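Take a look at the structure set out below.
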């Protein structure tokens, strides 16, 4: 039976866990870049008997000092109302020990139910919360973990930095399994050609972030210190 439940937002993040070799002790679900699906996925993992929840994947940078590939393990995440959900401190210490070769930031992660699709919105969120990053899954997992009374942890890597934001249509090109629908993305680019430089920059950011995610997954296997 799986002891650890892991939720990612994208299939590419899930692919970084292919080398876990946890002998069935970890179960991984992809939420398809949707906070509601992330909450349902976390609930399903609890129903399967998982005793801890890990939010794993990329995040959007809010702190201008953070570059693509920066690793974050926050002490807490913040919901839209500013309420804090704390991670499990002992688990965090154990995982940090496994990742001692990494420079790990502890800035807070803000949750959002929708994509933060422009730089000005990122700046406003930074001013409101002082969070270092934003994602669409971690708060959902934290809520489920709190209700279930199980430990919760967040491991995120910065993809788009504070000065760059993905166009709104990019999240609409992601299917429920977290895969990019190439035809939808190309059609959107045809309609919004001015977005091409941003999209190319985002692609570079994502490659850098995914490289870091694969590296930390290897260092943290098989169960991220759980």
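Descriptive notes on the structure:
- Counting only strands (runs of 3 or more DSSP E) that sit completely within the stretch 1-75, those holding 2 or more residues that are under 15 Å from the mean Cα position of the chain (by Cα), buried (at least 20 other Cβ atoms within 10 Å of the Cβ) and in contact (Cβ under 8 Å) with a residue 40 or more places away in the chain correspond to 4-8, 52-61.
To keep it simple, each residue is scored yes or no on (1) without any contact (Cβ under 8 Å) to a residue 40 or more places away in the chain; (2) under 15 Å from residue 10 (Cβ atoms); (3) surrounded by 14 or more Cβ atoms within 10 Å (Cβ to Cβ).
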{"position": "181", "(1), (2), (3)": "yes, yes, no"}
{"position": "185", "(1), (2), (3)": "yes, yes, yes"}
{"position": "188", "(1), (2), (3)": "yes, no, yes"}
{"position": "192", "(1), (2), (3)": "yes, no, yes"}
{"position": "195", "(1), (2), (3)": "yes, no, yes"}
{"position": "203", "(1), (2), (3)": "yes, yes, no"}
{"position": "213", "(1), (2), (3)": "no, yes, yes"}
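- When the residues of the stretch 76-86 are filtered to those that are assigned to a loop (DSSP other than H, G, I, E, B) and touching a residue at least 12 places away in the same chain (Cβ under 8 Å), the one that is farthest from the chain's Cα centre (by Cα) is 82.
- Residues located in the stretch 182-198, provided they are modelled with pLDDT under 85 and touching a helix residue (DSSP H, G or I) at 6+ places or on another chain (Cβ under 9 Å): 184, 185, 188, 189, 195
- Residue check for residue 124: under 19 Å from residue 45 (Cβ atoms), assigned to a helix (DSSP H, G or I) and over 17 Å from the mean Cα position of the chain (by Cα): no
- Hey, residue 140 outside any helix (DSSP H, G or I), within 18 Å of the chain's Cα centre (by Cα) and buried (at least 24 other Cβ atoms within 10 Å of the Cβ) or not: no
- The stretch 143-170: number of residues that are touching a strand residue (DSSP E or B) at 6+ places or on another chain (Cβ under 6 Å), crowded, with 20+ Cβ neighbours inside 10 Å and assigned to a loop (DSSP other than H, G, I, E, B): 4
- Among the residues of the stretch 207-222, just one is modelled with pLDDT of 95 or more and farther than 15 Å from residue 71 by Cβ, namely 207.
- The lone exception for residue 173 - which of (1) surrounded by 17 or more Cβ atoms within 10 Å (Cβ to Cβ); (2) under 17 Å from residue 30 (Cα atoms); (3) modelled with pLDDT of 85 or more it fails: (3)
The values are calculated or read from the model by the stated rules, or taken from the named source; none is laboratory data. Keep in mind that what you see is a predicted model, and the values were worked out from it rather than measured. When we count neighbours, we look across all protein chains shown, and the Cβ atoms used for this are built from the backbone with ideal geometry, even at glycine.
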